[in-house]
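Encoded as structure tokens, the structure appears first; notes follow it.
Every number in this text was worked out from the coordinates using simple rules, so none of it is lab data. Everything numeric here is computed off the predicted structure, so don't read it as measured data. Here the Cβ positions follow ideal geometry from the backbone for every residue, glycine too, while neighbour counts run over all protein chains shown.
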Amino acid sequence: MTRPRRSNPSRHRCGCGRSPRSPRPRAGTLLATLLALAMAGCEERAKFDRWPMEVVVGPSSAMDAGWRSPAHPQTLEAGDAEPVTVASPITALAASPDLEGSFFGLLVFHEEGVDRCGALLVADGPVAVRGEFPLVRSAPVLDWRRDRAPCLLSALLTGGATDAPAPPDGGEPPPWLLGGEVRLAWFEGSEFVIGESELPADVNPWRLRTGRFAGEQNLLVFVYNEAPFDEVMRRRPWIYRVVEGEDGLPHLDPRWRGTSFAHPFRDATFCDLTGTGEGEIAALEVAEDGGWMLTAYRFEGFGLEGMAPSLELPEVEDRIEAVHLDRNATDELLVHATGRPPRFIFYGLRGPEPVLLEVAQARAPQNLLGWVPLREEAGRFEIFCLLRDGSTQVVEVPTGAQPAAP
């Protein structure tokens, strides 16, 4: 069975445990087998930033989740829809824009190419690719205006190695991927055009985020490299805008290449915590004692400024998502707390002198392999969860009953 990777705030490890009730008599062969399975699970998990899952959007705006099967790596599943099998193991899923620029179905990236599936996984078959096709590891979508018309781009994290050794310089532990590249891709008619590398492999991009920040659509690229005044290998947040180059094609233009946030970090995301529509950024950071913290920032002048004191968190997965928990103008931040019992916890910016507060939580399933925020409906929020045995569960979070600001 394949499993995702997990990070630890103090040191990177596979995170594969043993059962506390494993029998000990005649355990030699059994333990060897369990160890082999555990190592195989860790090795497979390291291939992904997170388990390939995405929201499927249909023509009537109905939403469901699509995911790579844990048992069959070439198979895409989604609810009651008939599974779709592609030519090689799936490496990433992304919302697929249709030819009018809206979202419809999924792009399914696999080791040999890319397929397209409509809503409810109606297989449209392989997509014609123009340009070099690299191994695609994630592919979030961002807006761009081309010739004054809206255009949806895929930001591709490609290539690299998941088993590269850590640089021997005493810096921060390396992320899951080293030596990757960032490319932009888009549809021209029925062809999927893949651009040239926008960031070189030596800056080690390892995660991508898209969204609105400081008034415009941006791409957040997490890199692992040295900085001009910090010659230690660290994880760093770089922000790019998309511009039209002299060749008439979209390219990345640096907007802010930060040395770091206020603390070492493991994830960050664009969000709208204030409800103004301008867009801010929230970071999942690591304190000096190895604990987790949540910090919200806004763009101020030529850098980032903290919007509220950092909030201490329980131990969490190294992932943060911005969601609409309720029918209000502000975003909330969603994390997966990995303690016992595991929980999904939502945080929001509240009060006249804003502070980050927990505003809702729900019990998360055990043995979680992957999850995606699915939808917000009247009175509840849904999170789709995929378990390691291939079963699924939808966690419903009641909304509306939120604690008052201090």
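Show me 182-195, 299-312 ranked by packing, highest mean number of other Cβ atoms within 10 Å first. Display every interim value, and only then the final one.
Working: 182-195: 18.2, 299-312: 13.9.
Highest-to-lowest ranking by the protection proxy: 182-195, 299-312.
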* Stretch gain in nm, segment SER190-PHE229, where the contour uses 0.36 nm per residue and the Cα spacing is subtracted -> 9.4 nm
* Asked: For the range 134-221, what log10 I(q)/I(0) values come out of the Debye formula at q = 0.17 1/Å, with one point per alpha carbon and no solvent?
  -> -0.76
* **Whole-angstrom gap from the range 197-226 to the range 381-398, using each part's C-alpha centre** => 29
* To do: Note the full-extension length gain between GLN366 and GLU132 as 0.36 nm times their separation in residues minus their Cα-Cα distance, in nm to one decimal.
  => 80.2 nm
* Asked: Are there GluC sites (Glu not before Pro) in the range 227-277 that DSSP marks as loop and that have at most 13 other Cβ atoms within 10 Å, and which are they?
  -> GLU246
* **Linear extension gain, GLU288 paired with GLU358, 0.36 nm per residue minus alpha-carbon span** => 22.9 nm
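From the C-alpha coordinates alone, can you work out the Kirkwood hydrodynamic radius of the range 196-321, in Å? Before the final figure, lay out each step's value.
Values: mean 1/r = 0.0651 Å⁻¹.
Kirkwood hydrodynamic radius for the range 196-321: 15.4 Å.
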